[in-house]
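Input: a single structure, listed below in structure tokens.
The values are calculated or read from the model by the stated rules, or taken from the named source; none is laboratory data. Just so you know, these numbers come straight off a predicted model, no measurement behind them. FYI the Cβ positions are ideal-geometry reconstructions off the backbone, even for glycines, and counts take in every protein chain you see. Side chains included, ligands, DNA and RNA excluded: accessible areas come from the protein's heavy atoms. Shrake-Rupley method; radii C 1.70, N 1.55, O 1.52, S 1.80 Å.
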Amino acid sequence: MNVSLSPSDSVSEALRDALAGLLDGLPPTKAAQAVDRLIASYRGTTPTDAPVLRDRSDVVAYAAYRMPATFEAVRAAVGALRDVAPEWVPGTHTDIGGGTGAASWAVAEAWDSAAATTVLDWAEPALALGRELAAASGVPGLTGARWQRSRISTALRVESSDLVTVSYVLKELTEQDRAAVVTEAARAGQAVVVVEPGTPDGYARVIAARDRLIDAGLRVAAPCPHSGTCPIAPGTDWCHFAARVSRSSLHRQVKGGSLAYEDEKFSYVVATRFPVAPAPARVVRRPQIRKGQVLLELCTEDEGLRRDTVTKRHGALYKAARDAAWGDEWPPRR
């Protein structure tokens, strides 16, 4: 792979360039077939002792297809952490089950700093490619990262770290290993970010992780305005958000879509051991903009789920409501 990146490139642009370079020499049909097989594997049940990414072809195809979406979802989650703890900067970061390192790219962009990052994964081909991408990135927080093969299971032991990320990995684990990994993340981290697909079962895994983090003494920082019970009745709905992802040619080839983008749906929780200022409320559905008013579906600190109608008579708040997006804090910080 030959990727030339300028230090002035943004992290997201650097990632797109690096992933485009990966596909040089890999036949498009082979890449598409690998992605189809891997998607089928991830939608099934994967035992803890069987990494899904088997070789370089698998890893290249899946990285080109999935890394941008994972990056955008984790970027949104760590952005929420930055919003509630604006003065906090992690000096160390551990990415559990990080594979090719999408979450580490998101962390490097979020704090624009050279946090000492360690990526843990059981698939050596994924770690090798992640190391290659990071080395080519020119991003200080990535070029010095450590890539360590580790069994993501009850056997996992993590060094103490300011920030621990666990993204898109819990589905691959057995229930016992899932609980153990979240417990270990809570023990090791001052802040823990868990991200899963924005599906009902992904949300269920996030809620289980949220409960475990709270039981371990952490407080919920985002997206929830509180550390109490989620106000969504089990089985009636699920909390999730969306991140806009630019589609690569491989995305369009595999999905047969014509749009230049897609929305990655994800669920997440951020919890910390240090004091934060959570949002008083969070927009949990796309705002509905109507003539002279905006309808906001909110999760609130004290009242659970609530709908607010913001009209022109609310002045500056009405303008803020028209600019509000799904997942934003409400009201916006000034």
Checklist entry - Given the residues W88, W147, which is the only one that is touching a residue at least 24 places away in the same chain (Cβ under 8 Å) and out of contact with any strand residue (DSSP E or B) (no Cβ under 6 Å at 6 or more places or on another chain)? => result W88
Next on the checklist: It is to be established whether one or more residues within region 155-178 are touching a Leu at 6+ places or on another chain (Cβ under 7 Å) and without any contact (Cβ under 8 Å) to a residue 40 or more places away in the chain.
Outcome noted: yes
Next on the checklist: I'm trying to understand the selection: among the residues of region 47-94, which are open to solvent by less than 20 Å² (accessible area, probe 1.4 Å), assigned to a loop (DSSP other than H, G, I, E, B) and modelled with pLDDT under 85?
Outcome noted: T48, V52
Checklist entry - Since G217 meets every condition but one in (1) of a type outside the set (F, W, Y); (2) open to solvent by 40 Å² or more (accessible area, probe 1.4 Å); (3) in a helix (DSSP H, G or I), which condition does it not meet? => result (3)
Checklist entry - Restricting to region 121-174, what's the tally of residues that are on the phi > 0 side of the Ramachandran plot and modelled with pLDDT under 90? => result 1
